[in-house]
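Student: Quick one: structure below, then a few questions.
The values are calculated or read from the model by the stated rules, or taken from the named source; none is laboratory data. These numbers were taken from a predicted model, which means no experiment stands behind them. FYI the Cβ positions are ideal-geometry reconstructions off the backbone, even for glycines, and counts take in every protein chain you see. Areas reflect the complete protein model, heavy atoms only, side chains present, ligands, DNA and RNA absent. Shrake-Rupley method; radii C 1.70, N 1.55, O 1.52, S 1.80 Å.
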Amino acid sequence: MRAFLSKLRRVFSPASPATDAVAAPQELWHLVGAADADYVRVGQQFKQLFIDAGLQPHHAILDVGCGIGRAAAPLVDYLDETGRYAGFDVMAQAIDWCRTNIAVGDPRFAFTHADMHSDRYNPDGSQPASRFVFPYPDASFDFVWLGSVFTHLLAADQAQFAREIARVLKPNGTSVISWYLIDDEARANTGNGQIAFDFVHALDGCWTANPDMPEDTIAYDLPSILAQYEALGLDVLNVALGVWRRQPMQDQDIIVARKRARKLSLSF
């Protein structure tokens, strides 16, 4: 698990280009906040990391904030005929590109535009994220992935997404989520000029590094997030703290969790 988490953190850092059958044009890479992070290289690492975390070919995976399909493209040849991928995003341009370039006509893959307000990504959205209900039934996914989503959600929005993640996960299903988590080390290094972000602007339930555009970079206190997992019935398997708290790198924190299985109720 430690090697898995170490690899997962590296997908948020730039690397040399790669080649593959499906690759978004570079002019779209900025939509996922990583204009210098190669599309195919990141996607292939996502795929391997999902497998390392337990994703099976027959599983149903939900990609929250799927962007331009970096996680989706390499799964086309991995999921079997019973596997399923669903992704949604607030960026209509990104969803349009995915629909016309990834698994076109393949019933296993579905990309949905979420008409949800985001100051940064979808200012014309009609509903707040704090009220957004994922368009999927209860207990419908084996695996849920959020890469660099909670790093842009305010507390009320994040809490709603967390509830929805717990709702759509099957018992024993896995969530893998990236964060900026404030711990003692992050606090100690704040303001020393070497940390990636100084989260010194307090908001309701979270912190931002940019008071002019709060959703640009959001962080949460680690103890409160661990308490949230517990309250939602998600058992934390591992917490991997990124080096952003000591180096100027967007190397995010990762939490891997598993939804508790329902207890059987026996009656005689």
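Student: Tell me which residues, restricted to segment 52-65, are at pLDDT 95 or above and not small (Gly, Ala, Ser).
Tutor: Once the filter is applied, which keeps residues that are at pLDDT 95 or above and not small (Gly, Ala, Ser), segment 52-65 yields Leu55, Gln56, Pro57, His58, His59, Ile61, Leu62, Asp63, Val64.
Student: Looking at Gly69, Gly54 in this structure, which one is within 27 Å of Arg258 (Cβ to Cβ) and in contact with a Cys (Cβ under 6 Å, 6 or more places away or on another chain)?
Tutor: Step by step, each of Gly69, Gly54 is checked, and only Gly69 is within 27 Å of Arg258 (Cβ to Cβ) and in contact with a Cys (Cβ under 6 Å, 6 or more places away or on another chain).
Student: Having 1 or more residues that are within 21 Å of the chain's Cα centre (by Cα) and among the hydroxyl-bearing types (Ser, Thr, Tyr) is the bar; report the strands (runs of 3 or more DSSP E) wholly within segment 158-268 that clear it.
Tutor: 169-179, 218-221
Student: Any chance you could count how many residues in segment 124-157 are open to solvent by 10 Å² or more (accessible area, probe 1.4 Å) and assigned to a loop (DSSP other than H, G, I, E, B)?
Tutor: 18
Student: Here's something else I'd like to know. Is it the case that segment 170-180 has a residue that's in contact with a Pro (Cβ under 7 Å, 6 or more places away or on another chain) and of a type in the set (S, T, N, Q)?
Tutor: No, segment 170-180 has no match at all.
Student: Determine whether segment 179-191 contains at least one residue that is crowded, with 20+ Cβ neighbours inside 10 Å, at pLDDT 95 or above, farther than 20 Å from Asp216 by Cα and charged (D, E, K, R).
Tutor: The answer is no; no qualifying residue exists.
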